[in-house]
Structure formats: structure tokens, C-alpha cells
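Nothing in this text is a laboratory measurement; each read-out follows from the coordinates by a stated rule. These numbers were taken from a predicted model, which means no experiment stands behind them. With ideal geometry, Cβ positions are generated from the backbone for all residues, glycine too; neighbour counts draw on all protein chains shown.
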Amino acid sequence: MSPPRSARVRRSQLAESASPRAPARVDRVAAIDAIRGFALGLMFVYHFAFDLRLYGVIAADFENDRFWLGFRALIVSIFMVLVGVSLVLADRAGAPPAHFWRRVAVIGACALAVSAASWISFPGTFIYFGILHCIAVASILAWPLVRRPAAAFVIGCVVIVAGLALSHPVFDARPLSILGFVAHKPITGDYVPLAPWAGVALVGMALGNALADRSFAPLRPLVSTPGWLRWLGRHSLAVYMIHQPVLLGVLWLVIRH
């Protein structure tokens, strides 16, 4: 027996009124998760070697050796490009501003936790503006251009070139060093200034728009990557926060015995 017409109308009206208020779900792209997982894998290798030097097992020169400088730059580049791509994904999915600010707040809180932990562990080289700090601030700066890929690309290229080509001692002061343009790299465990790296995020935003316009078809072969790699990419922030304590602890136990 069908319900009265008035009841059906009320149900329909309730469904229609509820739909616009439902928070938009940001759809994941498996290929993007795979790339992010790959970047995490590279980061594990880098930090494993870094920790081996910390414990005196190897004598790698991470500050001057071109191999390690290039290896680190590759890792940071992938992460910052994906910052821009992720902003595009959220916008295309119709995510509300609250979703953006919540995500930035979580990343910012994690960045502060990294600063606090590094201050306790290594006060002389504590991290005051590392990868998470840069991601949080660059996301805020890039967000207004999420629907303007041409402008994002041009501005991004300008920021990258300026960050690589310009330097002045005035920017060596810690409050200004977060902008980049330093004459001498600060002594810190992780340093990812806005110039050039916010520019990389802006270029990533332009790339993300181009990929989204093609339904990410160029990345489709990456969908068949191992599930664990995509899992890492889906949980990248949590993995980032716990991987170094785990690595340091395991290595300490191994070396101690």
C-alpha cells in the first residue's frame, strides 16, 4: 500500500532540502595516491640514510653532495606539485571552504608538532619552516587561483625563478627566511621556503587543472600500481608524522645490539 501523496511530497521535499546541505565528498584519484605514495617511499630512503649518518654509521654529506641535494629536491617537488593538484581535486569535487580550512588547520597543527618535537630533540637545528609549514602556507596563498590555471602557472614560474636566482643577506633573518631569497641557508633540520616551493605548488595547480580536464587519463596506467603504495598516498600525513620516530627507534635498537 503506497503512502498518502502528502507524505510522499514531504519526503521528496526533505530529500531535496537535505541534498545541498550534505558536505561534498572529495573524490580520490588512485593515480595521485600512487604518486604521493611513491614520494613517501623516496622520503623513507632519504630519512633512513639521514638517520644512519645521525648514528654515525655512514658519513653522507646531505648539505653539499649534489646527489643528496637533488634527491631531496625531487621529493619536495613531487609533494609540492601534489599540493596544487589536490587543491584542484577538492575544488572540482565541490568541497566547501570549511573542508579547505579544516585541512589547512590539521596540516598546520602537525607542522607545529614537528617544530616542538624537533626543538626538544635537536634545539640547535629545530625545524621552524619545513615541508608541512610550507604546504600549509602555500595552500592558503595558492587557493584563490585554483580556477585560474594560466595565472597560477605564470605566477608559479616567476616565484620559482625568483627563489632560485635572487638572494640577499637581509633575508637570512629567521622571520624573513621563510620567504626564501637567503644568502646563507639557515641551520635547521628541514627548510622549505615559499620561494621557490610555493611556485611549484602553483605550477602543480595548473597541471592539476589540465589533468582534471582530461579526467586524469594520462595517469591511468598508475591505477594498477600496488595497493600498499596507494594506501601510503591516502594516509600520507599520518605516515609522515610517525615514520621518523619509528625509523629512529628501530635503528637505535638495531645499532645498540
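Worth pointing out:
- Here the gap between Ser121 and Ala183, fully extended at 0.36 nm per residue and compared with their Cα-Cα distance, gives a gain of 19.6 nm.
- Convex hull of the stretch 162-257 built on C-alpha atoms - directionally averaged projected area, nm²: 9.9 nm²
- For the chain, fraction of C-alpha pairs farther apart than 28 Å, in %: 42 percent
- Once the convex hull of all Cα atoms in the stretch 77-132 is built, its volume per residue stands at 70 Å³.
- For the stretch 58-156, the pair-distance distribution built from all alpha carbon pairs, in bins 5 Å wide starting at 0, is 2, 11, 17, 19, 19, 14, 9, 6, 3, 1 percent.
- Residue-averaged [θ]222 nm for the chain, counting only DSSP H segments that reach four residues, each worth -39500 (n - 2.57): -22500 deg cm²/dmol
- Local net charge near Arg36, Cβ-Cβ under 13 Å (Lys/Arg +1, Asp/Glu -1): +2
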